[in-house]
Amino acid sequence: MSAHSSAEYPHHESSPIEPPQGAKPFGRRLVRGVGVSVRVEWLLANVWPKHRYPMHWQVVFVFAPGICHVTWREPRGKLVRRRIVAGQVWILPPGWRHTVRWCANAQVIALYVETTSVQKYFPKLVAEAAVTSLCQCVALQPEIAGFCAELRRLGAVESPAAHWHIAGIGTQLAAAIMGAQTRLNTRGASIPVGLADRIVEKVKVHLAGNIKEKVPHGELARALGVSGRHFRRLFQRATGKSLQEFARFARTKNAKKLLQSGGYTVKQAADAAGFSDNSYLNRCTQAYYGVSPSALIPQRAWPIRA
């Protein structure tokens, strides 16, 4: 954002992009960025009657505890009804009539992206509606997580400076989400290897320094901007093992090193490696190495009997 001047983000309080009559938002006014208008909003449970935005793509990020039921009609006449919950992103092309029933108060980030900008920068984007997991979008464009987090934080700040930041971040978020959607529309789009690599690396680093503790996958997932479930799924895809299996093998490997050093008894090695008891370590060494823990201790380390 530092590369842009405030003149490039002429935020304003009125706009042709207004919520439909009957909408009950509270909090944030609309802010205009470059090629996009941004609304960071808390919404009351209510119904938005039929409306459309002829010249803008509508992108709505829904956060907890938001739940809504949307209905839209495609240009060919097909009527579609979907339930959208927190953690999902709803994208609708220009001109599509739709209604929204908000079942609970919700925090949302709404982007109204100008058609001309989309055509210029994302000419391959297919004009179709989509309800996508935010985690999937973040996996394709990791910066989306940071943009959303910053916009939600700024949504609680009422100042010209906050408006300017919202305009700039919203512009970047619009570009990132449209890029992710373009990739999702492309056959064969897959999760970048880079994210899976970072997930595996974070687990390895944690186990290296905290071999006795459980892997805090929720905390590590939040640091990467993905859900715990998605974190576990990508980890298994990259390693072929679940988090639990990977951690169990790492602890068994560590116990083996301790036992082979000759300076630990079976009980001491089990405790140092994070096993609850000797029998659990025994099951693991049998499974991975085909021997009991005591068989891993060098014979010279056994006490000499008279």
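All of the numbers you see were taken from the coordinates with simple rules; none came from a lab. As the structure is a computational prediction, the values presented were derived from the model and not from experiment. Please note: Cβ atoms are built from the backbone with ideal geometry, for glycine as well, and neighbour counts cover all protein chains shown.
Label positions at TYR280 and LYS50, each projected 7 Å from the Cα along the C-beta direction, are separated by 6.1 nm.
For the range 23-106, rounded, prolate or oblate, judged on the Cα gyration tensor with a ≥ b ≥ c (square roots of eigenvalues), a/c < 1.5 rounded, else prolate if a/b > b/c? Oblate. Counted as membrane-span-like here are DSSP H helices of the chain whose alpha-carbon atoms extend 18 Å or more along the helix's own axis and whose Kyte-Doolittle mean is 0.0 or above; these are 160-185, 193-209. Averaged over residues, the count of other Cβ atoms within 10 Å places the peptides 70-78, 31-39, 177-185 in the sequence 31-39, 177-185, 70-78, highest first. Comparing THR132, THR171, THR265 in a Gaussian network model of the chain, where Cα atoms under 10 Å apart are tied by springs, the biggest mean-square fluctuation is seen for THR265.
Could you please state, rounded to a whole Å, how far the C-alpha centre of the range 257-297 is from the C-alpha centre of the range 27-85? A separation of 57 Å, based on Cα centres. Along Cα→Cβ, 7 Å out, is where each label goes; now give me the distance between the ones at THR99 and LYS212 in nm to one decimal. Distance between the two pseudo-spin positions: 6.1 nm.
With springs connecting C-alpha atoms under 10 Å apart, model the chain as a Gaussian network and identify which of PHE61, PHE235, PHE275 has the largest mean-square fluctuation. Checking each option, the largest mean-square fluctuation is seen for PHE275. Mind checking which lysines have their C-alpha under 19 Å from LYS78, skipping anything on the same chain fewer than 8 residues away? Partners found: LYS50.
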